[in-house]
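Notes to accompany the following structure.
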Amino acid sequence: MESGIPFWFDGVEAPVYPMLDEDLHVDVAIVGAGQVGLHCAYRLQDTGLRVVLLEALRIGRQATGRSTAKITTQHGQRYAALVEKFGRDGASVYAEANAAAIAEITRLAADMEDGGGLEPRDAYIYATDESQARQLEKEAETARSLGLSAEMVTDAGLPFPTAALLRYTGQYQYHPYRYMCELASRLRIPVYEGSRVTEITDGSPITLTANGRTVTAQHVVVSTQMPVVNEGLFFARAFPFAHPVVAAPLPEGRQLDGMFISSGSPSHSLRTADMNGRTYIIAAGPEYKSGQTEEEQGAMDDLRVFLEEAFGVGAPTHAWTNEDFRPMDGVAFVGPVKSGGNLLIATGFEAWGITQGVVAADILADHIMGTTHPAASLFDSTRIKPMAGASEFAKGNIQAATHLVGDRLLKRKAVSLEEIATDSGGVVDDGDEQLAVRRHADGSLTALSATCTHLGCIVGWNETDRTWDCPCHGSRFDEWGEVIAGPAVSPLKRRDVPEADDEGA
Ligand SMILES: Cc1cc2nc3c(=O)[nH]c(=O)nc-3n(C[C@H](O)[C@H](O)[C@H](O)COP(=O)(O)OP(=O)(O)OC[C@H]3O[C@@H](n4cnc5c(N)ncnc54)[C@H](O)[C@@H]3O)c2cc1C
Ligand code: FES
């Protein structure tokens with residue numbers, strides 16, 4: 001089984017871009033080449049502006065390339081809640097903007113050599129008890145009243161009993177990595193990979209540092225999923241969560257006609273994808289808190305048992321995890337970090353950033369071009385909106401704050417060296433410091449400081465992806481401590497492996 005490598009990366013010939021090795025002066029610098037960054041670059045490339053795209057690793061391989069890649073206005077049960085929080089007008093703007101994003105993705109995919117793997121599929125939410133069924137009825141009514149094609153149906157061919165099914169027609173699924181590689185190859189602007197932006201200084205112009213080079217720009221789009229800027233404190237306004245994802249061949253005679261998500265918990269999200277003449281099920285399992293090793297393993301176990309019981313699916317061919325950020329009120333933050341500024345961000349898509357990412361790209365591109373997108377005020381990045389949903393948000397942030405103090409001072413995650421299995425990792429006490437220790441497949445040990453380079457929380461081992469993940473604001477580091485995902489921009493520090501005698505517990 002491929003552990004930590006998404007199904008989508010198999011067999012795709014990705015374009016390769018150079019590393020930044022010169023200073024640049026541009027009109028717009030876009031930082032991060034995922035769904036937001038690539039679409040924003042595409043929108044701006046023929047405007048006469050000098051645009052550059054800087055990617056820390058490889059294009060398209062982070063959240064977007066690790067998603068289940070459903071292109072839909074069905075964002076779980078969102079519309080009744082949106083009406084409550086933003087009124088009918090706000091919910092309607094959300095629905096229309098995301099419907100327009102579907103149209104944009106399908107238009108772009110139609111021009112691609114293999115159509116970006118785009119396939120029309122209905123998107124279903126299924127309820128497994130009567131209380132969930134009643135909520136679905138309400139959601140269906142609200143969605144319909146907003147002009148969405150949502151209706152209750154009695155059967156969708158699922159191999160397990162359901163109490164109710166809400167179907168959205170006119171939706172799609174795609175191959176996120178092929179699509180992004182194709183989109184990138186259509187860009188006629190400079191694209192740099194291996195160019196992590198480590199410093200952003202707001203001003204006029206804004207100054208960026210990457211690979212020791214300087215880029216100055218009138219506008220900067222920070223499309224790094226969680227912004228790598230402290231301004232706006234977005235890491236304290238949208239908190240991280242993660243899901244396990246697997247791919248496995250669907251057994252003979254089994255079918256899944258549509259994209260599905262459960263209404264209640266544990267959450268299960270399902271779709272299919274074809275590769276080399278076989279149909280695979282791609283499934284995401286229950287949410288877990290980033291950086292919590294046991295929760296991550298529990299969620300992965302739940303998912304595998306569910307797939308075996310429901311579909312007779314055997315061992316997955318691919319297993320990985322993916323992370324996203326939940327805003328306080330159900331709508332992403334998109335726009336300037338401060339009113340009237342030229343430093344722009346987009347974050348908080350809450351696991352529905354395939355369409356919202358395109359909406360964000362359009363809002364930001366319009367802003368740069370001096371026009372106002374119809375959804376700009378709904379997604380306003382400077383809003384402070386403590387309302388329904390704020391209690392869950394507060395819970396997540398209290399948890400983050402607890403990690404900052406608790407993990408660091410109480411060292412509650414420490415294990416002994418012996419407890420770290422081969423090809424695994426664990427946090428070990430070494431007197432004054434906690435260390436992130438990795439026992440490699442050959443039995444050798446390496447150690448890093450377990451202190452996250454963002455704000456000092458203690459990272460936890462991710463058994464599936466073999467990464468060190470931070471529970472506080474979602475930074476991720478590879479097994480050697482290099483940054484995979486921000487808000488951190490610097491690697492975990494190298495340390496000597498502690499003596500076995502000195503181990504703490
Ligand atoms: C399990 C799971 C399943 C999901 N499935 C769906 C789905 O089916 N449909 C849906 O709508 N949404 C889905 N999502 C959500 C979706 O994947 C994300 O919301 C979306 O991909 C975010 O796009 P992005 O461009 O903001 O981030 P990314 O795709 O992560 O792009 C950010 C890029 O910035 C780069 N970067 C980071 N830091 C720096 C730096 N300092 N300098 C330069 N570059 C940097 C990264 O390397 C990365 O390439 C899912 C999420 C999860 C967790
Ligand atoms: S991500 Fe903020 S402390 Fe680690």
Condition first: assigned to a loop (DSSP other than H, G, I, E, B) and more than 18 Å from V437 (Cβ to Cβ). Now tell me which residues in the stretch 481-496 satisfy that.
G486, P487, A488, V489, S490
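Residues are listed down the side, and each one gets a yes or a no for (1) without any contact (Cβ under 8 Å) to a residue 40 or more places away in the chain; (2) under 15 Å from I354 (Cβ atoms):
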| residue | (1), (2) |
| --- | --- |
| G48 | yes, no |
| V51 | no, no |
| A56 | no, no |
| I59 | no, no |
| F86 | no, no |
| A101 | no, yes |
| L108 | no, yes |
Candidates A95, A100, filtered to the one that is in a helix (DSSP H, G or I), within 16 Å of ligand 1 (Cβ to nearest atom) and in contact with a Leu (Cβ under 8 Å, 6 or more places away or on another chain):
A95
Of the conditions (1) under 30 Å from A29 (Cα atoms); (2) out of contact with any Gly (no Cβ under 8 Å at 6 or more places or on another chain); (3) within 13 Å of ligand 1 (Cβ to nearest atom), F234 clears all except one; give me its number.
(2)
What strands (runs of 3 or more DSSP E), lying completely within the stretch 119-196, carry at least 2 residues that are in the same structural domain as A29 (by TED's automatic domain parsing) and out of contact with any Asp or Glu (no Cβ under 9 Å at 6 or more places or on another chain)?
none
Filter result (crowded, with 24+ Cβ neighbours inside 10 Å, among the small types (G, A, S) and at negative phi) within the stretch 341-364
A346, G353, G357, A360, A361
The residue from G37, G11 that alone is small (G, A, S) and surrounded by fewer than 18 Cβ atoms within 10 Å (Cβ to Cβ) is G11
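Conditions (1) in a loop (DSSP other than H, G, I, E, B); (2) under 20 Å from V334 (Cα atoms), marked per residue:
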| position | (1), (2) |
| --- | --- |
| V26 | no, no |
| A29 | no, yes |
| A33 | yes, yes |
| L38 | no, yes |
| R43 | no, yes |
| T47 | yes, no |
| R58 | yes, no |
| Q62 | yes, yes |
| G65 | no, no |
Applying the selection to the stretch 225-275, what residues are within 16 Å of ligand 2 (Cβ to nearest atom) and under 27 Å from L166 (Cβ atoms)?
A238, F241, A242
Residues being within 16 Å of ligand 1 (Cβ to nearest atom), in a loop (DSSP other than H, G, I, E, B) and more than 18 Å from A414 (Cα to Cα) - total across the stretch 456-480:
5
Those strands (runs of 3 or more DSSP E) lying entirely in the stretch 206-298 with at least 1 residues aromatic (F, W, Y) and in contact (Cβ under 8 Å) with a residue 12 or more places away in the chain
238-249, 259-262, 278-284
List pairs: first in the stretch 465-484 and without any contact (Cβ under 8 Å) to a residue 24 or more places away in the chain, second part of a loop (DSSP other than H, G, I, E, B) and of a type in the set (D, E, K, R), Cβ under 8 Å, 6+ apart or cross-chain?
D478/R466
Please identify the pairs in which a residue from the stretch 334-353 that is modelled with pLDDT of 95 or more has its Cβ atom under 6 Å from the Cβ atom of a residue that is within 16 Å of ligand 2 (Cβ to nearest atom) and part of a loop (DSSP other than H, G, I, E, B), counting only partners at least 6 apart or on another chain.
I345/P227; T347/M226; T347/P227
Residue list for the stretch 1-40, restricted to those being under 19 Å from the mean Cα position of the chain (by Cα) and hydrophobic (A, V, I, L, M, F, W, C)
I5, F7, W8, F9, I30, V31, A33, V36, L38, C40
On the given criteria, is G314 within 16 Å of ligand 2 (Cβ to nearest atom), assigned to a loop (DSSP other than H, G, I, E, B) and either surrounded by 24 or more Cβ atoms within 10 Å (Cβ to Cβ) or in contact (Cβ under 8 Å) with a residue 60 or more places away in the chain (or both)?
no
Do we have any residue at all in the stretch 489-500 that's within 13 Å of ligand 1 (Cβ to nearest atom), surrounded by fewer than 23 Cβ atoms within 10 Å (Cβ to Cβ) and over 19 Å from the mean Cα position of the chain (by Cα)?
yes
Just checking, which of L148, L118, L108, L166 is within 26 Å of the chain's Cα centre (by Cα) and farther than 30 Å from R43 by Cβ?
L166
Assess whether F234 counts as being at pLDDT below 95, over 17 Å from L307 (Cβ atoms) and out of contact with any Pro (no Cβ under 6 Å at 6 or more places or on another chain).
no
For the list (1) touching a residue at least 60 places away in the same chain (Cβ under 8 Å); (2) closer than 22 Å to G4 by Cα; (3) out of contact with any Leu (no Cβ under 9 Å at 6 or more places or on another chain), I need the number of the one condition that V305 fails.
(1)
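The values are calculated or read from the model by the stated rules, or taken from the named source; none is laboratory data. In this text the structure is predicted, and so the values were computed from the model without any measurement. Here the Cβ is made from the backbone with ideal geometry for all residues, glycine too, and neighbour counts use every protein chain on show.
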